[in-house]
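A short worksheet on the structure shown next.
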Amino acid sequence: MAQMNMLHAINEALSIAMKADERMVVFGEDVGHFGGVFRATSGLQEQFGRDRCFNTPLTEQGIAGFANGLAANGMTAVAEIQFADYIFPAFDQIVNESAKFRYRSGNEFNVGGLTYRTPYGGGIAGGHYHSQSPEAYFTQTPGLKVVVPRNPEQAKGLLLAAIRDPNPVIFFEPKRLYRASVGDVPEGDYQIELGKADVVKQGSDITVLAWGAQMEIVEKACDMAAKEGISCEIIDLRTLSPWDVDTVAKSVKKTGRLVINHEAPLTGGFAGEIAATIQQECFLYLESPISRVCGLDTPYPLIHEKEYMPDEFKTFEAIKATMSF
Amino acid sequence: MSNAPLNNETVHRVSFLDKASLHIPILRILQADGTTYENAVLPVIDQELAAKIYDTCIFTRVLDERMLGAQRQGRISFYMTCIGEEAAVVGSAAALDKNDVILAQYREQASLRYRGFTTEQFMNQMFSNEKDLGKGRQMPIHYGCSELNYHTISSPLGTQIPQATGVAFSQKLKGERNVTICYFGEGAASEGDFHAGLNMAAVLKAPVIFFCRNNGYAISTPTEEQFAGNGIASRGVGYGMHTIRVDGNDMLAVLAATQQARAYALENNAPVLIEAMTYRLGAHSSSDDPSGYRSKEEEAKWQQHDPVKRFKLWLINKGWLKEADDTSIYEKYREEVLAAVKVAEKLPVPHLDQIIEDVYDVPTPALKKQLKELKEHISKYPKAYPKSAGRL
């Protein structure tokens, strides 16, 4: 095990995957010699050449369309969208093309070898165009897998699994944690299965669910709750589409309570989907209504970032309110 | 200076360029009477190739005529014809190797036929039966066949353009001696995907032929409401790629241009743009009526430039076709298409289980659960779901 930050873990995953698969190419804006604006692709061009790690023109829809073509012709394509906020010009290529390639052709063609990597989320004083969490838009699109890691170890294992998954995957990287999150990362090649939630901490009174950068937040909130004698079970969903209903339902049947936390705005956010499903699966086990702690229904603000965020205090309050319903 | 323009000339008073500054000639080889222009350089073509090209044109005409009829009778829901644009589509397809990849827009059934898509395969797709390679998931005419390197059609316009760049780039990386051809209309060239795809191909150096069928109309919108510049060809030059404008109703000109475009793309790992000036003789689709937006006179004028007739006269002049043979090719295909319609429309629809297949490589637990619930529901109300209730 080596200590590294999340960017280093991602870089290592890319390098391992490229070594193992000579059909794999990595591309996007500034990802070549410069190594990407966050340096996630540092050194890859030196290691694998300009044919396999290269800059593209500044065009998200072009990058996604190009990626579809590469993957449809048997390549392993890892495309970087520089910020998740800029994924929308590529929206049509992702939801109408990547997601439906296999289905619409009856599997005559597919883009299974395609992974989109993109930094998402706030906490970096980025204002609305460097802070969004657009995962819910993609979870409503059958054919895509949506994955969000929470720390370096998860990032490496999940990214390797995403690259090798025979379906197109959008891999949202919590940019706030790129350098801030440092931890032990297993050496060499390993994968973490997609579609499986991770029970990070066992507990008996309430289930607290989140993903990505918000895992740190809910862990802090659960520590606060523990001091009040509340035992929280913490789950990291990890894959949002398809999501692990069984693990979450099993936990909620045990604890009888659920708080869901995400950074994206409340309305239409993925927490709504989880709440509806768990209400159906666990109705007779629920001791209180399912609670959502989310971003406000505003664009992501700059100066009021702290206020906007579903932070540990808001989460702690939701836990207490749910407990005393 | 890396961003230096190509032209080093400087001027010292304001001087604008306009579309007239670009002189784009149009390649013509075949005259209306079936003879070739003096000094015209012919494409590489022998009797066998010429016969296959002509045969494909006739099949496509018959297919279009019969299937439009089938749509009018309510037997299929939708259709799009290739009529008037056969030379652009077949002439370009005939210049390719069978391992070259085709990304079509939707009106290029002739290039798929040229590759060997059978009459039955066409029908199976249009009637969404259990033999449809696409498993009955898309509207009629959304063909696709991996064996023939013909990508499945997508309804949104222009999406195949940057994809073609990706396919071609992968051919280059794999060291394949093949190119990709990407068809689109002048209307699709207004989409952002067009810019993205061409710019990336030129910058990243991908062996792709962008083939624009400039056919006069995008549904009802005429070209003068579609672009203000010098057609589509001027844009190819702007992106820094080899560009040619051809008479799209001239089979020999299209064939010659595409043969040389292919050779250039392979040799240089670089894209080429071909703009074929043609005319959509039919409606945009079976859902619109061109009499609402263009005159009978205009259509009649273009009837005189019928690309298939012009090529036929050349074949007769060469002694490679007789009028009697021509009649029998038509008859053969009329019977073949009619017979295939009768078979295809009687085949059952794809099994309901397939509704959840190919969303992912394997169905997710949620999909399996939804299918199970759907089947339970259908078995309660079998009369409401006649196509699948008998085969759960």
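The values are calculated or read from the model by the stated rules, or taken from the named source; none is laboratory data. All of these numbers come straight from a predicted model, not from anything done at the bench. Note: ideal-geometry Cβ built from the backbone for every residue, glycine included; neighbour counts use all protein chains shown. Ligands, DNA and RNA are stripped out before the accessible areas are found, and what is left, the full protein with its side chains, is counted by its heavy atoms. Shrake-Rupley method; radii C 1.70, N 1.55, O 1.52, S 1.80 Å.
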inquiry  = What do you get for the angle between helix A:312-323 and the principal long axis of chain A? Use alpha-carbon atoms, 0 to 90 degrees, nearest ten.
reply    = 50
inquiry  = Going Cα to Cα from B:K135, which lysines come in below 22 Å? Please leave out same-chain ones fewer than 8 positions away.
reply    = A:K100, B:K342, B:K346, B:K368, B:K369, B:K372, B:K375, B:K387
ask   = Cα gyration tensor of the range A:212-313, axes a ≥ b ≥ c as square roots of the eigenvalues: rounded (a/c below 1.5), prolate (a/b > b/c) or oblate?
value = oblate
inquiry  = If the reach is capped at under 28 angstrom between alpha carbons, list the lysines near A:K306, excluding any in the same chain fewer than eight residues apart.
reply    = A:K175, A:K201, A:K220, A:K227, A:K314, A:K320
key: Helix-derived mean residue ellipticity, 222 nm - over chain B, DSSP H n ≥ 4, -39500 (n - 2.57), to 500   = -13000 deg cm²/dmol
request  = Let me know the mean shielding of B:203-213 by other chains, meaning the per-residue number of their Cβ atoms within 10 Å of its Cβ.
outcome  = 1
key: B:T243 long-range amide H proximity, modeled H, under 5 Å   = B:L273
inquiry  = So for the range A:69-155, averaging the separation of alpha carbon pairs under 8 Å that are six or more residues apart and normalising by length, what relative contact order in percent results?
reply    = 34
inquiry  = Given contacts defined as C-alpha pairs under 8 Å and at least six residues apart, what's the relative contact order of the range A:69-115, whole-number percent?
reply    = 58
key: Inter-centroid distance (Cα atoms) of the range B:104-182 relative to the range B:293-363, Å   = 16
ask   = How many Å² of accessible area per residue for the protein assembly as shown, probe 1.4 Å?
value = 41
message = Can you give me the long-range amide H partners of A:G35? Hydrogens built in the peptide plane at 1.01 Å from N, cutoff under 5 Å, separation of 5 or more residues or another chain.
response = none
remark   = Across B:168-174, the residue-averaged tally of Cβ atoms belonging to other chains within 10 Å stands at 6
remark   = 1/(1 + (r/R0)^6) with r = Cβ-Cβ of A:F91 and B:K342, R0 = 35 Å, i.e. FRET efficiency to nearest 0.05, evaluates to 0.20
query = In whole Hz, what ³J(HN,Hα) sequence does the range B:22-37 give by Karplus (6.51, -1.76, 1.60; θ = phi - 60°), x for Gly and Pro?
reply = 9, 9, 10, x, 10, 7, 10, 10, 9, 8, 4, 8, x, 9, 9, 5
inquiry  = Which order do the peptides A:152-158, B:26-32, B:340-346, B:13-19 come out in when sorted by mean C-beta neighbours inside 10 angstrom, highest first?
reply    = A:152-158, B:26-32, B:340-346, B:13-19
inquiry  = Inside 10 Å of the C-beta atoms of A:94-103, what's the mean count of C-beta atoms belonging to other chains?
reply    = 4
query = What FRET efficiency, computed as 1/(1 + (r/R0)^6) with R0 = 30 Å and r the Cβ-Cβ distance, is obtained for B:A32 and B:H351, rounded to the nearest 0.05?
reply = 0.05
task = Just the number, please: percent antiparallel of the DSSP beta bridges in the protein assembly as shown, rounded to the nearest 5.
result = 20
Residue-averaged 222 nm ellipticity for chain A, from DSSP H runs of 4+ at -39500 (n - 2.57), nearest 500 = -10000 deg cm²/dmol
request  = Return the long-range amide H neighbours of A:R292 (sequence gap of 5 or more, or a different chain), with a cut-off of under 5 Å between placed amide H atoms.
outcome  = A:I260
inquiry  = Please compute the length gained on full extension between A:K320 and A:K253, using 0.36 nm multiplied by the number of residues separating them and subtracting their Cα-Cα distance.
reply    = 22.2 nm
query = Chains A and B: how much accessible area gets covered up at their contact, both sides added, probe 1.4 Å, in Å² to the nearest hundred?
reply = 3400
Cα-centre dipole for chain A with unit charges at Cβ (Lys and Arg positive, Asp and Glu negative), debye to 20 = 240
note = Longest principal axis of chain A (C-alpha) makes with the long axis of helix A:152-164 (C-alpha) an angle, in degrees to the nearest 10, of 50
Under Karplus coefficients 6.51, -1.76 and 1.60, residue-wise ³J(HN,Hα) of the range A:209-222 in Hz, glycine/proline x = 10, 7, 7, x, 4, 6, 4, 4, 5, 5, 5, 5, 4, 5
key: Peptides ranked, highest mean first, by Cβ atoms within 10 Å: ranges A:20-32, B:84-96, A:180-192   = B:84-96, A:20-32, A:180-192
task = Could you rank the peptides A:86-93, B:54-61 by their average count of other C-beta atoms within 10 Å per residue, with the highest value first?
result = B:54-61, A:86-93
remark   = Interface call, the range B:358-392: threshold 10 Å², probe 1.4 Å, accessible heavy-atom surface of protein chains, chain by itself vs complex, result B:D358, B:V359, B:Y360, B:D361, B:T364, B:K369
message = Sequence gap at least 6, Cα distance under 8 Å: using those rules, report the relative contact order of chain A to the nearest whole percent.
response = 16
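Whenever you get a sec, compute what percent of the accessible area on chain B sits on carbon and sulfur atoms (1.4 Å probe).
53
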message = Please state the shape class of chain A: rounded when a/c is under 1.5, otherwise prolate if a/b exceeds b/c and oblate if not, all from the C-alpha gyration tensor.
response = prolate
ask   = Expressed as a whole number of Å, what is the distance separating the alpha-carbon centroids of the range A:164-237 and the range B:209-286?
value = 52
message = Can you tell me which aspartates and glutamates have their Cα less than 19 Å from the Cα of B:K301? Leave out same-chain residues fewer than eight positions away.
response = B:D33, B:E85, B:E86, B:E224, B:D247, B:D250, B:D289
task = Could you check which residue among A:C53, A:C282, A:C222 shows the biggest mean-square fluctuation in a GNM of chain A with a 10 Å Cα cutoff?
result = A:C282
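Quick one: with all protein chains in place, what share of the accessible area of the range A:2-185 is carbon or sulfur, to the nearest percent (1.4 Å probe)?
C and S fraction of accessible area: 49 percent.
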For the protein assembly as shown, Cys with no neighbouring Cys Cβ under 4.7 Å = A:C53, A:C282, A:C294, B:C57, B:C82, B:C145, B:C182, B:C212
task = Could you tell me which of the pairs B:K52/B:K309; A:K145/B:K172; B:K52/B:K98 are separated by over 18 angstrom between their Cα atoms in the structure shown?
result = A:K145/B:K172
message = Between 0 and 90 degrees, rounded to the nearest ten: what's the tilt of helix A:6-20 against the longest Cα principal axis of chain A?
response = 40
